Each structure stands twice: as C-alpha cells, then as structure tokens.
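Below is one structure, written out as structure tokens; comments come after it.
The values are calculated or read from the model by the stated rules, or taken from the named source; none is laboratory data. Quantities reported herein were computed from a predicted structural model and do not represent experimental measurements. Here the Cβ positions follow ideal geometry from the backbone for every residue, glycine too, while neighbour counts run over all protein chains shown. Accessible surface areas use protein heavy atoms only, side chains included; no ligands, DNA or RNA. Shrake-Rupley method; radii C 1.70, N 1.55, O 1.52, S 1.80 Å.
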Amino acid sequence: MSLLLETRALSRSFGGLKAVEAVDFSLSRGEVRAVIGPNGAGKTTFVSLISGRIAPSSGSIVFAGEDVTALPAFRRVQRGIAYTFQITSIYANLTAEENVALAAHRPGTHAGRDYLARVGLADRAAQRSGTLSYGHQRLLEVAMGLALRPKLLILDEPTQGLSDSEIESFIGLVRDVARDATVLLIEHNMPVVMTLAHRITVLDRGRILAEGRPEDIRASDAVQRAYLGTG
Amino acid sequence: MSVRIILLHAGVILALFLMQFLASDYVVLTFTRIMVLAIYALGYNILFGYTGLLSLGHAMFFATGLYGAALGVTRFGLGVPEAMLVAIGLGIIVSTVIGAVSLRASGVAFMIVTLMFSQAAFLTVLYFGDYTRGDEGIVISDEFRRFSLFGLEADLANPVLRYNLALAFLALAVAVTLAVIRSRAGHVLVAIRENESRTAMLGYDTARYKLLAFVLSGAFAAFSGASYALMFAYAGSTLASIQYSIHPLLWTLLGGAATVLGPVLGTALMFLLVDFASGFTSASLLVVGVALILLVLFFPKGILGTLRQRYLPWLP
C-alpha cells in the first residue's frame, strides 16, 4: 500500500504545554486508522494540524507526495483532506440539503441528496439543520465530509451522542467510505475502534505511545496503563 | 429563477416607471434621489446583509464615485459617460486596496478599520480643498452635464431624463444583485456569513469571496456616487462624511438585510419619513429615531426580512 500521509517531527505547543510533540506518523492509502488516547492526549490538536486548522510549531506534513505544511486549510481541503468537526459545525440556518450542497461545491443545487441518502438523512433534506436532533446533526457532518469526496476523511469523535442503532449503521457507513477513501478516526468508543480500525495509534501527552493492530494494542501493557485502565 | 421572483422585481421597476406620470415634480425629484441612493444601499447589502460584514466606511467609496465623476467632467474634460465609467473604475480600485487591507481584521476591528479609512478619506477631501472645494462643494454647471451617446443628445438637467436614467440604473443594480446572490458565489457569501470557519474547512477561499463582496459593494457605492454628482450637479464633503457611511446601514436594516428589495424599500421609507416629519417639526430626526426603535421592536429583521420570515419564504 502506498503512503498517503506522513508527518515528520510534528509539534505544536500552546505556551508551555506541548500538545503534540515530535510525532512521526504515517498512513497508507485505503487504511482505516483509529487514534485513541486519554482526554488531553493531543488527538484533536494532532488532526487539526493535519487539516490545517492549526499551524504547527515545527515539523512537516506530507500529503499525497506533496509538502502541505505551509498550505492554508482550504487548500488542503481542495487537495483531499476533509475534516468533520468534533463539536458539530454545520450551517444551522440552512437546510440539510443546502449544507451538503455547499460541501459538494455545488451550492444551490440538489447535488447533496445522494450523500444525505448515504447517511440515512434523505427524508430530512428540506429541514433546517439547526432543528435536527443531535445525532442527525452528527450524521449531517459526516455527509458533508463525504460530499467533499476526500482522499482522507478525518472523523473527530463521530459517534459521540449517537444511539446504539445509529452507531451500528455508522459502522457500516465507514466501511462503505473506506472502499474509496482513507479514514482517520478519533474515537472513544472502544468497540467501534476495535471493529473498524485496521491499525490503531495511541497518543499520550502529545506523543505516540504505541501503534499496531487492534489485537496488539489491546494486549499492550503500556496502553492498558495509560488508557484502557488496569482494572 | 422562478417566475414570481422575476415578476415581483420587474413589477417594482414598472411601478416606479409609471409613477412619473402620476406624481408631482417634487415627488419625481425625491424619487430620483431615492433610486440613485438605493443603488448604494443595494451594494452595501451584498456586503452586510449577505456576507455579514459590517463596514462603517463605505462613504469613502461613495465619495470616490462622487468626486471621480465631478472632477472628471469639471477638471479633466471627460464627457458624462466616460466620467461615470472612470468613477466606477476608481471605486473598484480603491475598494480592492482598502478591502485587501481591512479584511485582515474581522468583527469590531473590521468596523473600526473601515471607519478610520473613511475618516482619512473625508479629511483628504478637506485637505485638497483647492480641488474639491471642501464642504462648500463642487457645483457642476449645466454645460458639463450635456452629452451625446449613440447619436442621442442628452441633458441631465432634464428631470424626465434624469428620473428614467436613475430608474434604469436602479433596475441594473437590482438585476446584478439578483444574479450575484443566486450564483454559486452568492451562496458561498451566505455560507461565510453563517459560519466562516466551516466554509474554509469545506475548501472555499473565504478571503477571496469576502474581497469579492467588498469590491462589489464598493463598485455599487461608486456607481451611486457618480450618478448622484452628475444628476444633481453637486459634490460636497458632507457626502463623504461618516453620516453617509451610516445611511446605507440604516436603509438596509430598515428594509430588511439580505433581501434584494429591502434596501430599496428602506431608502425610500427613510427619505419619505424625514420628508414627512420635517413638514411639521424641526426635530425630524427625533421622529426618525422613534421609528427606528419601533422597527427594532416589531420588525427585528427589517420590513421585508420579517415579512419573508412570516409570510413569504420564497422572497430572495
């Protein structure tokens, strides 16, 4: 599998806090990678650096063979890095369909309908998205991510606030997406991670603590101590 | 574009056309002024209403058009059509430069930066009093307002020609506004207003779109200013003052921000209100103030904005 994304010695500090420190990370095309770690481990900062929402203090990011470290976020999106927000960030005053049409770069058309259908929101197309339930807003976020037709889809805690049945269909959706995109998933829900991820990266205090297949991560003592609990 | 939208806007233009056969000379003159200034408000609305950027300095672009046209015909020997085009061109250049700088700020800082630039422009007008004649202003004599275009002789001192020209310009401005807001770019402008960071994260170059809105509004302002100078034969520094930065904001808010016809309605209502109030009191601005407070209480989204919310969801 060829390399899609690589970070070299990627660091970001906020004042004295090293949120992400010297992270060397690589991701192959077609992979579903989960990033896990305790709260404050730097997961969201790390993917924000990749998506360009935050500038790194040092280090570099190479995406699809191109150094994108200096590119503003919107140019990275144009190159195929899509980020779905942890805290839902939709256009609350626009309809679900208008939201997705904007993401598809064809605003004012019905171009968003297919993506809404893929996440199961087809019947909500005309509803003002601010009035959708929380779970549906999360799914709308994902639909917007899909509409960007990314090479790399970054999902930041996508199942947070979803019901069990919604999580079930979400897992199917990610599998479907992974057929033509690479997925980077930040997730707290361990069953979801174990089911979906090909590989798992564990972050702790801004550094990579461990990396490997789900069964290896589950068996790792260091990960147990840092994150999964020793219980 | 749906038929009723076209019918509505064409209907308004037609009504304004027919009005000249019924109204008194005074009303015709007032409406000439309203239509010219409504162009200013229409452009301001693209920036403020649709893109969500509140500028407190658009008088500088209005003044660019105003002085560009006035000095163009009186000092540089330009004909009326050439002076109009030069003035609009200057408006585009000035707003591109000012926009590129001031759009680096956002929110309150953006308001202050535009206000400061505009005050600097106002003081510049006074500083070059030898050319601009300061607050006394340039009076454009009639000989500079005659022109021929496509073999037709025209004189802007003629009230009928002036009214219909103002109407044609207004119709053009409404059509351009409609085209802009229904275009792909127009949707992106609204997206920026609703959630700018999200719009950038969808891969849109938000800085470029904001500059586009800024320059469009600057061009409309200069178009309005140039028309004003040539049609009413006057360019004075009062028209470059802060008051003229606030006017389009009030007109837009009154009629309804982010509705196409709102600024036109707002401009007309404000003019008629001042006119009506000054008929029986010298404290006409007090009446205007009370009217604005009532507006905020009962029509928080402006007249057309509130109508759209309650009854006419299709209104653009």
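Label chain B by shape, choosing from rounded, prolate and oblate, from the square roots a ≥ b ≥ c of the eigenvalues of the Cα gyration tensor; if a/c is under 1.5 it is rounded, and otherwise prolate applies when a/b is larger than b/c, oblate when it is not. Since a/c stays below 1.5, the shape of chain B is classed as rounded. Taking the Cα centre of region B:27-242 as origin and assigning +1 to Lys and Arg Cβ atoms and -1 to Asp and Glu Cβ atoms, the resulting dipole is close to 600 debye. Using only side-chain charges placed at the Cβ, +1 for Lys and Arg and -1 for Asp and Glu, the dipole size of the protein assembly as shown relative to its Cα centre rounds to 520 debye.
Apply the Debye scattering formula to the protein assembly as shown, with a single equal point scatterer on each alpha-carbon and no solvent, then give log10 I(q)/I(0) at q = 0.10, 0.11 Å⁻¹. Treating every Cα as an identical point scatterer, log10 I(q)/I(0) equals -0.87, -0.97.
Taking a Cβ cut-off of under 10 Å around A:G108, the surrounding Lys, Arg, Asp and Glu residues balance to a net charge of +2, with basic ones at +1 and acidic ones at -1.
Structure remark: mean-square fluctuation, Gaussian network model of chain A, C-alpha springs under 10 Å; the largest value among A:G145, A:G16, A:G135 belongs to A:G16.
At q = 0.10, 0.14, 0.25 Å⁻¹, what log₁₀ I(q)/I(0) does region B:150-255 have when each alpha carbon counts as one equal point scatterer in the Debye sum? Values returned for q = 0.10, 0.14, 0.25 Å⁻¹ are -0.42, -0.75, -1.39.
Taken one residue at a time, the phi angles of region A:47-63 give Karplus couplings (6.51, -1.76, 1.60, θ = phi - 60°) of 6, 5, 5, 5, 7, x, 6, 10, 8, x, 6, 7, x, 9, 10, 10, 10 Hz. Gly and Pro are set to x. Other residues with beta-carbon under 14 Å from the beta-carbon of A:V23 carry, at +1 per Lys or Arg and -1 per Asp or Glu, a net charge of +2. DSSP beta bridges confined to the protein assembly as shown are antiparallel in about 60 percent of cases. Here the Kirkwood formula, the inverse mean of 1/r across different C-alpha pairs, assigns region A:1-57 a hydrodynamic radius of 12.0 Å. Which residue, chosen from B:V188, B:V108, B:F220, occupies the Cα position most advanced towards the positive end of the dipole of chain B, where the dipole is computed from +1 (Lys, Arg) and -1 (Asp, Glu) charges on Cβ about the Cα centre? Positive-most Cα among the choices belongs to B:V188. The phi torsions of region A:136-151, fed into the Karplus equation with coefficients 6.51, -1.76 and 1.60 and a -60° offset, translate into couplings of 5, 5, 4, 5, 5, 3, 5, 4, 5, x, 5, 5, 6, 6, x, 7 Hz, rounded to whole numbers, with Gly and Pro shown as x. For B:H9, A:H198, the ranking by accessible surface with the largest value first comes to A:H198, B:H9, using a 1.4 Å probe. Between B:I34, B:I98, B:I293, the GNM of chain B built on Cα springs shorter than 10 angstrom shows B:I293 fluctuating the most. Under a 5 Å amide H cut-off, with hydrogens placed 1.01 Å from N, A:R207 pairs with A:E21 among residues at least 5 apart or on other chains.
Here the sum of -39500 (n - 2.57) over DSSP H runs of 4 or more residues, divided by the residues of chain A, equals -8500 deg cm²/dmol at 222 nm, to the nearest 500.
Tally Lys/Arg at +1 and Asp/Glu at -1 over every other residue whose Cβ is under 11 Å from the Cβ of B:D155; what's the total? That works out to 0.
With semi-axes defined as the square roots of five times the eigenvalues of the C-alpha gyration tensor, the equivalent ellipsoid of chain A measures 29, 21, 16 Å, largest first.
Computed 3J(HN,Hα) for region B:170-181, one whole-Hz value per residue from the Karplus formula 6.51 cos²θ - 1.76 cosθ + 1.60 where θ = phi - 60°, is 4, 4, 4, 5, 5, 5, 5, 4, 4, 5, 5, 6, glycine and proline marked x.
Candidate cross-link partners of A:K151 among the lysines, defined by an alpha-carbon separation under 21 Å and a same-chain spacing of 8 or more, comprise A:K43. Taking each DSSP H run with n ≥ 4 as -39500 (n - 2.57) and averaging over every residue of chain B yields -23000 deg cm²/dmol at 222 nm. Using a probe of 1.4 Å on the protein chains alone, the accessible area found for B:D155 is around 50 Å².
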